Amino acid sequence: MSRRLPEERPTEPPTGYKIAHPVLSQDGTRAGFIGVSLGAALPYGVLDEAACVYGRRHRAPHRRCDCGFHCVHARQDAEALLCTAEHRRAALLEVTVLGAYIRFERGFRYARQRVRTMFSGPCACGAPGAVLADAGWGRPGWCALESVCARCAGARRSLARATFARLAGEGLTVRSVPVAMAAAYDVPELVAEAALLQARLDWFQTQLARIQRRPRG
């Protein structure tokens, strides 16, 4: 006989973190998100209910299925996912877990959610992000967006963060969080990296000088 997991009855809805791509509807009247895993084909709103991605009729989250929204407990775990190449242009979301949920060691799988805050990162060029612009891909009826500076946005379709929040509705807050890869190193590590690069440059200059001094003919 299988044992039932203990039921939780929290006084307040749990908070979790996840990453997703902001999206804008084709007609420009709605904003939402596209996930990065199982539900990547189904855009969702700020306040939304999960459905089984396999088309089954059970309610999410089902114990014998992978359906439902997913998030992790710790913000740093979600931020770590942004380091991978395929997720570099995604945004960090802070969500409220609503309805039935299944708790795991590192996160939740759950029925409903409210996205409270979206944190958008810097532009790919390293400058602070100023707007959300067309990322060059999407889903039928939805255009994916990415955080870019004004220069890199160019003539692409773009909108201000405040406009995205208004179109998304439900009290969504959008914040800019510049994330520089160099911040992961402290000053001594940066000095060591610079010294190593200088040593390599000196070596190449020495080799080049030897080649130029060789007699020709």
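Taken together, the values in this text are just the output of simple stated rules run on the coordinates, not laboratory data. In this text, all values refer to a predicted model and were calculated from it rather than measured experimentally. Note that we place each Cβ from the backbone using ideal geometry, even for glycine, and neighbour counts take in every protein chain shown.
The amide H of R139, built 1.01 Å from its N in the peptide plane, has A144 as neighbours under 5 Å, considering only residues 5 or more places off or on other chains. Residues whose amide H comes within less than 5 Å of that of A130, counting only those at least five positions distant or on another chain, are V148, C149, A150 (H built at 1.01 Å from N in the peptide plane). What FRET efficiency comes out for E7 versus R56 if R0 is 35 angstrom and r is the Cβ-Cβ distance? Round to the nearest 0.05. So, using R0 = 35 Å, E works out to roughly 0.90. Which residues does the label zone of R30 cover in the stretch 150-178, counting backbone N under 17 Å from a point 7 Å along Cα→Cβ? Correct set: 164-172. Charge dipole of the stretch 15-180 (Cα centre as origin; +1 on each Lys and Arg Cβ, -1 on each Asp and Glu Cβ, all else neutral): 320 debye, rounded to the nearest 20. Protection proxy ranking of 155-165, 86-96, by the mean of other Cβ atoms within 10 Å over each peptide's residues and highest first, is 86-96, 155-165. Working from Cα pairs under 8 Å separated by at least six residues, relative contact order for the stretch 15-180 is 25 percent. Here r is the Cβ-Cβ distance between A74 and A41 and R0 is 25 Å; the resulting FRET efficiency, rounded to 0.05, is 0.40.
The coefficient of translational diffusion for the stretch 53-111, derived via Stokes-Einstein from the alpha carbon Kirkwood radius under 20 °C and 1.002 mPa s, stands at 168 µm²/s.
For the stretch 15-180, the average shadow cast by the Cα convex hull is 9.4 nm², which is a quarter of the hull's surface. Distances between placed amide hydrogens fall under 5 Å for R116 paired with E94, V95, T96, all partners being 5 or more residues away or on another chain.
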